[in-house]
Amino acid sequence: MYRYILHKKSIKHKCPRCNQRRLVRYIDIETDIFVSPNVGRCDREINCGYHYPPKLFFQENNQDYVAISNEPLYSLSKKKEHDYHALELLNSTLVNFDKNNFVQFLKSKFDNEMVDKMVSDYKIGTAINNYFGTIFWQIDNTKKIRGGKIINYEVSGKRTKYINWIHATQIKNRVIEKFNLNQCLFGLHLMNRSSKTIAIVESEKTACIMSMLFNKYEWMATGSLMGLNQIKLDPIKHRAIILYPDLGIDTGKGTPFMLWKQKRDALNKLGFDIEISDLLEQKAIDFDKRKGLDIADYFIDHPKEKTKRIKSTQNDAHMKLYMKNKKLKTLIDVFDLTNLNGNDIKFQ
Ligand SMILES: [Zn+2]
């Protein structure tokens, strides 16, 4: 059945064209919420003819449009239920980091204490029954555990093709029967620990690494290129947001930068305050773009070097960046890193 239908109850709203109370709005049967005040059809078909269908609305606002609902009829009056994981389950995965390739890889590149703190902040887990894969738990701003994405990494830090979800393994093992996944931004649970600008990247790994490199922002991840949407961003609507899209060439649908810029423009029309960084786009050479690097790869995809410590001369407590990597200078250039007084940071 169609997901968006003209509201059956005879409530008429003011028509934007003829100003008479003859507009029937479209309603989303999965949520029981009107699509938008102007999305509807005027019943003065001959004299007015106003019709703003949901499909057009979603196109113009650059949102995904799902025409068909797989919800059964009885849900018409009921809100969709989402499932959550128990805290005990999450806690039971905070082990075996010595076998977790992602964590071990980070420890080969960064200060160990810094990695431990990041792992604890983001509640990174280890999937003991899934080849010690890395679990990126999605915890929302009310501490509800929305899901756990399992990604396996090689010792080199490169991800394998294996991606799974905790709930999918539970269903397979008959621990649970079904699970209604309702994803949120990875890292969303950290939104209230500061009032920092929220920086959004595509992959969980990038968010983790950037949080260690650049703590002027709170780093979160959409989990996929298309994962940048209004539902995921709504909890942080009142915050300053900056997007760092991955590098990539245009394969016909636009580069990651172009796609995220379109979404940014559409979301800002809805009242968001989102910036998008094109600095990486400008600095990267074509070769890097073809490799589809993300902002973290760009800084650590190089041979190990002596750890450099960066300090701001004015306020060293706020800027302790460690990195076993020569590209740190580039990092500073790309982000235009300055200390809290707005001065350039100098190498110690
Ligand atoms: Zn009308």
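The values are calculated or read from the model by the stated rules, or taken from the named source; none is laboratory data. Being a predicted model, the structure only gives us computed values, none of them experimental. Methodologically, a virtual Cβ is constructed for each residue, glycine included, from the backbone with ideal geometry; neighbour enumeration extends over all protein chains shown.
Annotations
- The residue of segment 14-33 that is farthest from the ligand (Cβ to nearest atom), among those that are under 31 Å from the mean Cα position of the chain (by Cα), surrounded by 15 or more Cβ atoms within 10 Å (Cβ to Cβ) and not in a strand (DSSP E or B), is GLU30.
- MET220 being touching a helix residue (DSSP H, G or I) at 6+ places or on another chain (Cβ under 7 Å) and assigned to a strand (DSSP E or B): yes
- Among residues of segment 34-54, those that are under 22 Å from ASN182 (Cβ atoms) and either exposed (fewer than 13 other Cβ atoms within 10 Å of the Cβ) or of a type outside the set (S, T, N, Q) (or both), counted: 3
- Remark: SER203 falls outside the filter, which requires a residue to be within 27 Å of ASN112 (Cα to Cα), touching a residue at least 24 places away in the same chain (Cβ under 8 Å), of a type in the set (Gly, Ala, Ser) and surrounded by fewer than 16 Cβ atoms within 10 Å (Cβ to Cβ).
- Some residue of segment 299-318 being of a type in the set (Gly, Ala, Ser) and modelled with pLDDT of 65 or more: no
- Of the residues TYR153, TYR122, TYR131, the single one that is at positive phi and in contact (Cβ under 8 Å) with a residue 12 or more places away in the chain is TYR131.
- Selection status of THR251, assigned to a loop (DSSP other than H, G, I, E, B), out of contact with any helix residue (DSSP H, G or I) (no Cβ under 8 Å at 6 or more places or on another chain) and β-branched (Val, Ile, Thr): yes
- Residue in segment 137-146 that is among the aromatic types (Phe, Trp, Tyr) and more than 16 Å from the chain's Cα centre (by Cα) present: no
- Given (1) out of contact with any Ser or Thr (no Cβ under 6 Å at 6 or more places or on another chain); (2) of a type outside the set (Phe, Trp, Tyr); (3) in contact (Cβ under 8 Å) with a residue 24 or more places away in the chain, index of the condition ALA240 fails: (1)
- Scanning segment 4-13 for residues that are away from the ligand (no atom under 16 Å from the Cβ) and touching a Phe, Trp or Tyr at 6+ places or on another chain (Cβ under 9 Å) returns TYR4, ILE5.
- Any hit, segment 220-243, residues being modelled with pLDDT under 90, surrounded by 13 or more Cβ atoms within 10 Å (Cβ to Cβ) and more than 15 Å from the chain's Cα centre (by Cα): no
- Pairs are defined by a Cβ separation below 8 Å, a sequence spacing of at least 6 or placement on different chains, a first member in segment 43-66 that is within 16 Å of ARG22 (Cα to Cα) and within 16 Å of the ligand (Cβ to nearest atom), and a second member that is aliphatic (A, V, I, L, M) and assigned to a loop (DSSP other than H, G, I, E, B); the pairs so defined are TYR52/VAL39; PRO53/VAL39.
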